[in-house]
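In what follows, a structure is listed as C-alpha coordinates, so that the remarks can point back to it.
The values are calculated or read from the model by the stated rules, or taken from the named source; none is laboratory data. Fair warning: this is a prediction, and the values are worked out from it, not measured in the lab. Note: ideal-geometry Cβ built from the backbone for every residue, glycine included; neighbour counts use all protein chains shown. Just so you know, the surface numbers come from the protein's heavy atoms only, side chains and all, with ligands and any DNA or RNA stripped out. Shrake-Rupley method; radii C 1.70, N 1.55, O 1.52, S 1.80 Å.
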Amino acid sequence: GYREHCFLATKVSGNYSREGIISAMENSLRALDVEYVDLYQIHGWTPQYPTEESMETMTRLQEEGKTCYIGVSNFNAAQMQQALQTARFQSNPSRYNLFDRQIEAEDIPFCGREGIGILAHSPLAKGLLTGKYTSTHTFPADDERSGFPRFQGELFARYLAVADRLKEMALDKGLSLIQLAIAWLLRLPTITCVLVGAKNVGQVEEHLGAVGVAFSDDELVCIEEIL
(Lines give C-alpha, C1' and ligand atoms only; values in the text may rest on other atoms or scores of the structure.)
Protein backbone atom coordinates (compact mmCIF):
# COMPACT_ATOMS: atom_id res chain seq x y z
CA GLY A 1 0.00 0.00 0.00
CA TYR A 2 3.00 2.32 0.10
CA ARG A 3 2.60 3.49 -3.50
CA GLU A 4 -0.76 5.08 -2.73
CA HIS A 5 0.70 7.08 0.15
CA CYS A 6 3.74 8.67 -1.51
CA PHE A 7 4.39 11.26 -4.18
CA LEU A 8 7.04 9.72 -6.41
CA ALA A 9 9.26 11.97 -8.50
CA THR A 10 12.23 11.16 -10.71
CA LYS A 11 14.28 12.78 -13.46
CA VAL A 12 15.90 12.07 -16.80
CA SER A 13 19.53 13.18 -16.73
CA GLY A 14 22.05 13.90 -19.48
CA ASN A 15 20.35 12.58 -22.61
CA TYR A 16 17.28 14.66 -23.42
CA SER A 17 16.64 13.24 -26.89
CA ARG A 18 13.30 11.53 -27.54
CA GLU A 19 14.92 8.13 -27.19
CA GLY A 20 16.87 9.13 -24.09
CA ILE A 21 13.82 10.45 -22.26
CA ILE A 22 11.69 7.41 -23.05
CA SER A 23 14.46 4.98 -22.16
CA ALA A 24 15.13 6.70 -18.83
CA MET A 25 11.43 6.55 -17.96
CA GLU A 26 11.24 2.83 -18.72
CA ASN A 27 14.37 2.21 -16.66
CA SER A 28 12.89 4.13 -13.72
CA LEU A 29 9.55 2.33 -13.84
CA ARG A 30 11.32 -1.01 -13.94
CA ALA A 31 13.79 -0.16 -11.17
CA LEU A 32 11.06 1.27 -8.92
CA ASP A 33 8.64 -1.56 -9.80
CA VAL A 34 5.76 0.84 -10.48
CA GLU A 35 3.44 1.52 -13.40
CA TYR A 36 3.72 5.30 -13.21
CA VAL A 37 5.46 8.13 -11.35
CA ASP A 38 3.76 11.25 -10.08
CA LEU A 39 6.33 13.69 -11.46
CA TYR A 40 8.90 13.28 -14.22
CA GLN A 41 11.41 16.07 -14.80
CA ILE A 42 14.21 17.09 -17.12
CA HIS A 43 17.29 17.46 -14.92
CA GLY A 44 18.83 20.50 -16.57
CA TRP A 45 19.08 22.79 -19.57
CA THR A 46 21.29 21.43 -22.35
CA PRO A 47 21.43 23.28 -25.71
CA GLN A 48 22.56 20.05 -27.37
CA TYR A 49 18.97 18.77 -27.37
CA PRO A 50 16.10 20.76 -28.94
CA THR A 51 13.71 21.88 -26.20
CA GLU A 52 10.71 21.33 -28.44
CA GLU A 53 11.48 17.65 -28.95
CA SER A 54 12.26 17.12 -25.28
CA MET A 55 9.01 18.72 -24.09
CA GLU A 56 6.94 16.93 -26.73
CA THR A 57 8.34 13.65 -25.48
CA MET A 58 7.59 14.53 -21.86
CA THR A 59 4.00 15.36 -22.85
CA ARG A 60 3.70 12.05 -24.67
CA LEU A 61 4.70 10.15 -21.53
CA GLN A 62 2.14 12.14 -19.57
CA GLU A 63 -0.58 11.31 -22.09
CA GLU A 64 0.37 7.62 -21.87
CA GLY A 65 -0.19 7.72 -18.12
CA LYS A 66 3.40 7.00 -17.20
CA THR A 67 3.61 10.26 -15.24
CA CYS A 68 0.90 12.48 -13.79
CA TYR A 69 2.91 15.69 -14.05
CA ILE A 70 5.99 16.88 -15.89
CA GLY A 71 8.64 19.43 -15.02
CA VAL A 72 12.04 20.90 -15.75
CA SER A 73 14.92 21.62 -13.36
CA ASN A 74 17.26 24.57 -12.93
CA PHE A 75 15.72 26.42 -15.91
CA ASN A 76 15.86 30.21 -15.81
CA ALA A 77 12.92 32.38 -16.84
CA ALA A 78 13.92 32.55 -20.52
CA GLN A 79 14.43 28.80 -20.71
CA MET A 80 11.10 28.14 -19.02
CA GLN A 81 9.40 30.50 -21.45
CA GLN A 82 10.84 28.57 -24.37
CA ALA A 83 9.73 25.23 -22.89
CA LEU A 84 6.21 26.55 -22.31
CA GLN A 85 5.85 27.24 -26.02
CA THR A 86 5.73 23.47 -26.50
CA ALA A 87 4.18 22.09 -23.32
CA ARG A 88 2.63 23.15 -20.04
CA PHE A 89 4.69 21.85 -17.12
CA GLN A 90 4.17 21.99 -13.39
CA SER A 91 7.52 22.25 -11.60
CA ASN A 92 11.03 23.65 -11.69
CA PRO A 93 13.43 22.51 -8.94
CA SER A 94 15.99 25.26 -8.39
CA ARG A 95 18.82 25.96 -5.98
CA TYR A 96 17.54 28.41 -3.41
CA ASN A 97 18.60 29.16 0.13
CA LEU A 98 19.54 32.11 2.34
CA PHE A 99 22.97 32.32 0.65
CA ASP A 100 21.98 31.48 -2.95
CA ARG A 101 19.27 33.85 -4.09
CA GLN A 102 19.90 34.26 -7.82
CA ILE A 103 16.40 33.06 -8.75
CA GLU A 104 14.66 35.88 -6.87
CA ALA A 105 14.92 38.58 -9.53
CA GLU A 106 13.30 36.83 -12.50
CA ASP A 107 12.67 33.13 -11.99
CA ILE A 108 10.45 33.26 -8.89
CA PRO A 109 8.17 36.00 -10.33
CA PHE A 110 7.96 34.08 -13.62
CA CYS A 111 6.93 30.87 -11.86
CA GLY A 112 4.38 32.80 -9.83
CA ARG A 113 2.79 34.22 -12.97
CA GLU A 114 2.77 30.90 -14.81
CA GLY A 115 1.64 28.71 -11.92
CA ILE A 116 4.86 26.67 -11.86
CA GLY A 117 5.84 25.26 -8.49
CA ILE A 118 9.44 25.71 -7.36
CA LEU A 119 11.01 22.77 -5.54
CA ALA A 120 13.84 24.43 -3.63
CA HIS A 121 16.94 22.24 -3.55
CA SER A 122 20.11 22.80 -1.50
CA PRO A 123 18.01 24.64 1.13
CA LEU A 124 20.78 24.31 3.73
CA ALA A 125 23.54 25.43 1.33
CA LYS A 126 25.22 22.02 1.49
CA GLY A 127 25.68 22.28 5.24
CA LEU A 128 26.51 25.97 5.71
CA LEU A 129 23.10 26.51 7.28
CA THR A 130 23.11 23.54 9.64
CA GLY A 131 25.29 24.90 12.43
CA LYS A 132 27.34 21.71 12.34
CA TYR A 133 30.69 23.08 11.23
CA THR A 134 33.45 25.33 12.54
CA SER A 135 35.94 27.26 10.42
CA THR A 136 38.65 24.67 11.21
CA HIS A 137 36.68 21.82 9.71
CA THR A 138 38.34 20.08 6.75
CA PHE A 139 36.25 18.09 4.29
CA PRO A 140 37.69 14.77 3.02
CA ALA A 141 38.80 14.51 -0.59
CA ASP A 142 35.82 12.37 -1.57
CA ASP A 143 33.43 15.09 -0.38
CA GLU A 144 32.59 17.47 -3.25
CA ARG A 145 32.70 20.40 -0.83
CA SER A 146 36.46 19.97 -0.51
CA GLY A 147 36.75 21.60 -3.94
CA PHE A 148 34.31 24.46 -3.36
CA PRO A 149 35.86 27.85 -2.41
CA ARG A 150 33.06 28.70 0.00
CA PHE A 151 34.04 25.72 2.15
CA GLN A 152 37.67 26.74 2.52
CA GLY A 153 39.70 29.36 4.34
CA GLU A 154 38.51 32.87 5.05
CA LEU A 155 35.41 32.61 2.86
CA PHE A 156 34.28 29.52 4.76
CA ALA A 157 34.76 31.36 8.05
CA ARG A 158 32.74 34.34 6.79
CA TYR A 159 29.81 32.14 5.77
CA LEU A 160 29.84 30.40 9.15
CA ALA A 161 29.95 33.73 10.97
CA VAL A 162 26.79 34.82 9.17
CA ALA A 163 25.17 31.46 9.92
CA ASP A 164 25.98 31.96 13.62
CA ARG A 165 24.15 35.28 13.62
CA LEU A 166 21.16 33.67 11.93
CA LYS A 167 21.29 30.90 14.52
CA GLU A 168 21.02 33.47 17.31
CA MET A 169 17.93 34.91 15.68
CA ALA A 170 16.48 31.43 15.25
CA LEU A 171 16.96 30.66 18.94
CA ASP A 172 15.16 33.87 19.89
CA LYS A 173 12.28 32.63 17.76
CA GLY A 174 12.32 29.16 19.31
CA LEU A 175 13.76 27.52 16.21
CA SER A 176 16.92 25.77 15.18
CA LEU A 177 19.01 27.29 12.38
CA ILE A 178 17.83 24.47 10.10
CA GLN A 179 14.19 25.25 10.84
CA LEU A 180 14.75 28.95 10.22
CA ALA A 181 16.39 28.23 6.87
CA ILE A 182 13.52 25.99 5.73
CA ALA A 183 10.77 28.26 7.05
CA TRP A 184 12.34 31.28 5.30
CA LEU A 185 11.94 29.43 2.00
CA LEU A 186 8.40 28.27 2.70
CA ARG A 187 7.29 31.85 3.38
CA LEU A 188 6.91 32.32 -0.39
CA PRO A 189 3.78 30.82 -2.01
CA THR A 190 5.77 29.90 -5.13
CA ILE A 191 8.01 27.58 -3.08
CA THR A 192 5.75 24.54 -3.01
CA CYS A 193 8.34 22.08 -1.72
CA VAL A 194 11.69 22.20 0.05
CA LEU A 195 13.93 19.29 -0.90
CA VAL A 196 15.89 18.64 2.28
CA GLY A 197 17.57 15.32 2.97
CA ALA A 198 17.24 13.33 6.18
CA LYS A 199 19.26 10.42 7.54
CA ASN A 200 17.00 9.54 10.46
CA VAL A 201 13.58 10.13 12.00
CA GLY A 202 14.90 12.86 14.29
CA GLN A 203 16.02 14.96 11.36
CA VAL A 204 12.63 14.57 9.69
CA GLU A 205 10.95 15.73 12.88
CA GLU A 206 13.22 18.76 13.05
CA HIS A 207 12.42 19.66 9.46
CA LEU A 208 8.70 19.44 10.13
CA GLY A 209 9.13 22.04 12.86
CA ALA A 210 9.59 24.62 10.09
CA VAL A 211 6.07 24.12 8.75
CA GLY A 212 3.68 26.93 9.58
CA VAL A 213 6.34 29.32 10.88
CA ALA A 214 5.57 32.97 10.06
CA PHE A 215 7.92 35.94 9.96
CA SER A 216 7.14 39.52 10.86
CA ASP A 217 8.29 42.33 8.61
CA ASP A 218 10.86 43.30 11.23
CA GLU A 219 12.24 39.76 11.34
CA LEU A 220 12.60 39.67 7.57
CA VAL A 221 14.41 43.01 7.64
CA CYS A 222 16.72 41.65 10.33
CA ILE A 223 17.53 38.60 8.20
CA GLU A 224 18.33 40.87 5.25
CA GLU A 225 20.64 42.96 7.40
CA ILE A 226 22.48 39.87 8.64
CA LEU A 227 22.91 38.56 5.10
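Just round it to a whole percent: the fraction of Cα-Cα distances in the chain exceeding 20 Å. When every Cα pair of the chain is considered, 65 percent fall beyond 20 Å.
Quick check on my link table: of 132/173; 66/199; 11/173, which ones sit more than 26 Å apart, alpha carbon to alpha carbon? Exceeds cut-off: 66/199; 11/173.
What translational D, rounded to a whole number of µm²/s, comes out for the stretch 1-135 from Stokes-Einstein when the hydrodynamic radius is the Kirkwood one over Cα pairs, at 20 °C and 1.002 mPa s? The Stokes-Einstein estimate is 135 µm²/s.
Distances between every pair of Cα atoms in the stretch 172-217, grouped in 5 Å steps from 0 to the bin holding the largest one, split as 5, 22, 34, 23, 12, 4, 1 percent.
Per the Debye formula on identical point scatterers at the alpha carbon atoms of the stretch 128-227, with no solvent, log10 I(q)/I(0) at q = 0.11 Å⁻¹ is -0.38. Between the alpha-carbon centres of the stretch 87-114 and the stretch 1-70 there is a gap of 21 Å. Solvent-accessible area of the chain (1.4 angstrom probe, protein heavy atoms only): carbon and sulfur portion equals 50 percent. Rolling a 1.4 Å probe over the heavy atoms of the protein chains gives the chain an accessible area of 53 Å² per residue. Relative to the longest principal axis of the Cα atoms of the chain, helix 51-63 runs at roughly 80 degrees. Restriction of the trypsin sites (Lys or Arg not before Pro) in the stretch 158-214 to DSSP coil positions whose beta-carbon has at most 10 other beta-carbons within 10 angstrom yields 199.
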